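Here the structure is laid out as structure tokens; the discussion comes afterwards.
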Amino acid sequence: DTAVSQTPKYLVTQMGNDKSIKCEQNLGHDTMYWYKQDSKKFLKIMFSYNNKELIINETVPNRFSPKSPDKAHLNLHINSLELGDSAVYFCASSHGTQYFGPGTRLLVL
Amino acid sequence: AQSVTQPDIHITVSEGASLELRCNYSYGATPYLFWYVQSPGQGLQLLLKYFSGDTLVQGIKGFEAEFKRSQSSFNLRKPSVHWSDAAEYFCAVADAGNTPLVFGKGTRLSVIA
């Protein structure tokens with residue numbers, strides 16, 4: 001059973017498009033996150049949600065909009081994609097310890 | 001603000017040799033400390049964590065780490081490295097259990113025969 005899953009695994013798109021990444025966890029955790037890993041492998045927090053409510057929004061452009069329809073899901077919608085958005089996006093959930101999804105590799109052309 | 005330093009960008013060890021990956025953190029109180037491993041093209045897998053108690057923690061795959069408050073360090077060790085250990089290793093710190101992680105920049109481990 002996959003604890004934290006993300007779809008799609010790979011996403012290739014043109015500049016200016018809008019795309020969504022979905023995340024689901026079956027661990028019963030209340031807290032979920034989105035992280036961005038850049039081309040140098042540096043990982044940085046983007047958003048944190050607790051019980052469907054936004055807790056932390058780091059300095060992320062407002063083209064990025066997370067949505068949590070329920071405790072088990074945290075989706076990420078990105079408007080007007082730019083070249084610099086190319087990265088690996090990781091979803092995670094926690095109850096003390098964070099468990100990560102497999103990542104979504106986004107390439108913007 | 002918290003920060004994590006992994007001084008070694010890339011380390012190469014021979015298979016069967018011992019390994020130590022360094023991690024130093026900057027934080028006022030005792031943080032929650034973690035080591036994660038990322039194999040090429042994969043996600044992040046938790047190796048071990050320290051919240052409190054015994055300062056020597058055991059993890060999966062034969063790894064251990066020691067928390068040294070006086071040195072603000074949480075170094076990862078393995079007595080005998082296997083070729084399958086080749087990966088990127090990340091040290092991370094958090095304020096508490098359900099707060100975002102602050103990651104170091106990672107150490108890439110290569111294993112040679």
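Buried surface for the B/A pair, taken as the accessible area of each chain alone minus that of the pair with a 1.4 Å probe, is close to 1700 Å² in total. Out of A:ILE21, A:ILE55, A:ILE45, any idea which swings most in a Gaussian network model of chain A, alpha carbons joined below 10 Å? In the Gaussian network model the winner is A:ILE55.
In percent, what relative contact order does chain B have, based on Cα pairs under 8 Å that are 6 or more apart in sequence? Averaging sequence separation for qualifying contacts and normalising by length gives 38 percent for chain B. The modelled label-to-label distance for the pair B:ALA17/B:ALA1, using points 7 Å beyond Cα in the direction of Cβ, is 3.6 nm. The residues of the range B:66-113 occluded by other protein chains by 20 Å² or more of accessible area, set against the chain on its own, are B:GLU88, B:PHE90, B:GLY97, B:ASN98, B:PRO100, B:LEU101, B:PHE103, B:LYS105; surface from heavy atoms, 1.4 Å probe. Measuring nothing but protein heavy atoms, the accessible surface of the range A:4-108 at 1.4 Å probe radius is 51 percent carbon and sulfur. For the range A:1-75, the list of trypsin sites (Lys or Arg not before Pro) that fall in a loop by DSSP and count at most 11 other C-beta atoms within 10 angstrom reads A:LYS40. For chain A, the relative contact order is 37 percent, taking Cα pairs closer than 8 Å that sit 6 or more residues apart in sequence and dividing their mean separation by the residue count. Across the range A:4-108, counting alpha-carbon atoms alone, Rg and Dmax equal 12.7, 38 Å. Residues of the range B:19-57 whose accessible area (probe 1.4 Å, heavy atoms of protein chains only) drops by at least 10 Å² once all protein chains are present, relative to their chain alone: B:PHE34, B:TYR36, B:GLN38, B:GLY41, B:GLN42, B:GLY43, B:LEU44, B:LEU46, B:LYS49, B:PHE51.
Once the 1.4 Å probe is applied to the protein heavy atoms, the protein assembly as shown comes out at 48 Å² accessible per residue. Go ahead and set up a Gaussian network model of chain B, Cα springs under 10 Å, then flag whichever of B:ARG69, B:ARG77, B:ARG22 fluctuates most. Looking only at B:ARG69, B:ARG77, B:ARG22, the biggest GNM fluctuation is shown by B:ARG69. Using a loss threshold of 50 Å², tell me which positions in the range A:24-47 are less accessible in the complex than in their chain alone. Probe radius 1.4 Å, ligands and nucleic acids ignored. Hits at the 50 Å² cut-off: A:LYS41, A:PHE42, A:LEU43.
Within the listed set B:ALA86, B:ALA65, B:ALA29, the residue fluctuating most in the Gaussian network model of chain B (springs between alpha-carbon atoms under 10 angstrom) is B:ALA29. Under 19 Å from a label point set 7 Å out along the Cα-to-Cβ vector of A:GLN14, the amide N atoms of the range A:62-90 belong to A:78-86.
The values are calculated or read from the model by the stated rules, or taken from the named source; none is laboratory data. Keep in mind it's a predicted model, so treat the numbers as computed, not measured. When we count neighbours, we look across all protein chains shown, and the Cβ atoms used for this are built from the backbone with ideal geometry, even at glycine. Only protein heavy atoms, including side chains, enter the accessible area calculation; ligands, DNA and RNA are left aside. Shrake-Rupley method; radii C 1.70, N 1.55, O 1.52, S 1.80 Å.
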